[in-house]
Amino acid sequence: MVKRRFPPNEGRWSLIGGLVELGEKVQDAVVREVKEETGLDVELEMLLDVSTDIHPGERSRPKYHYVLVDYLARPIGRKVKLNAESSSFGWFTRRQAKSLDMSDATRNILALHFSGSGTRTKGSPRDLPRRRSC
């Protein structure tokens with residue numbers, strides 16, 4: 001996890017993320033963002049969740065609106081070099097993570113991860129099994 005330098009989660013612990021570039025696959029964006037923010041190469045293992053994170057602004061209009069696509073990834077190597085977006089980096093156990101200041105969206109995805117839920121992945125999202133909901 002990284003501690004963010006900028007809004008909307010300035011000073012809070014967060015999962016690594018960023019924008020998908022035009023023409024880029026989501027999985028490639030995840031690998032690129034982790035590399036840009038931490039210097040780590042990763043291999044994607046599991047699609048955990050797709051969710052929405054909306055931060056309110058003025059007059060009932062959202063200030064930030066994110067679609068979050070969260071993957072479990074395995075690092076290749078351990079040498080971390082943060083870019084300017086983050087002030088700190090850490091590996092945390094479930095117990096350690098409980099006491100960290102983080103957004104509800106981050107806390108929810110960590111709970112999903114620690115519960116063992118998610119979808120094993122290779123290939124594109126359309127190749128993944130779909131979960132049904134009521």
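The values are calculated or read from the model by the stated rules, or taken from the named source; none is laboratory data. If you're wondering where the values come from, they're calculated on a predicted model, not measured in any experiment. For neighbour counting, all protein chains shown are included, and Cβ atoms are generated from backbone atoms with ideal geometry for every residue, glycine included.
For the stretch 4-61, name all the residues that are among the β-branched types (Val, Ile, Thr) and under 19 Å from Phe92 (Cα atoms). Spell out the reasoning first.
First, the residues of the stretch 4-61 that are among the β-branched types (Val, Ile, Thr): 16, 20, 26, 30-31, 34, 38, 42, 50, 52, 54.
Passing the criteria: Ile16, Val34, Thr38, Val42.
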Scanning the stretch 50-80 for residues that are in contact (Cβ under 8 Å) with a residue 12 or more places away in the chain and acidic (Asp, Glu), the one farthest from Leu112 (Cα to Cα) turns out to be Asp53
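Does Lys3 satisfy the condition of being part of a strand (DSSP E or B), modelled with pLDDT of 95 or more and touching a strand residue (DSSP E or B) at 6+ places or on another chain (Cβ under 8 Å)? Can you show your working first?
On the way: part of a strand (DSSP E or B): yes; modelled with pLDDT of 95 or more: yes; touching a strand residue (DSSP E or B) at 6+ places or on another chain (Cβ under 8 Å): yes.
Criteria met by Lys3.
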Within the stretch 99-123, of all residues that are modelled with pLDDT of 90 or more and surrounded by fewer than 13 Cβ atoms within 10 Å (Cβ to Cβ), the one nearest to the chain's Cα centre (by Cα) is Asp101
The condition from (1) under 21 Å from Asp49 (Cα atoms); (2) of a type outside the set (Phe, Trp, Tyr); (3) part of a strand (DSSP E or B) that Asn108 misses is numbered (3)
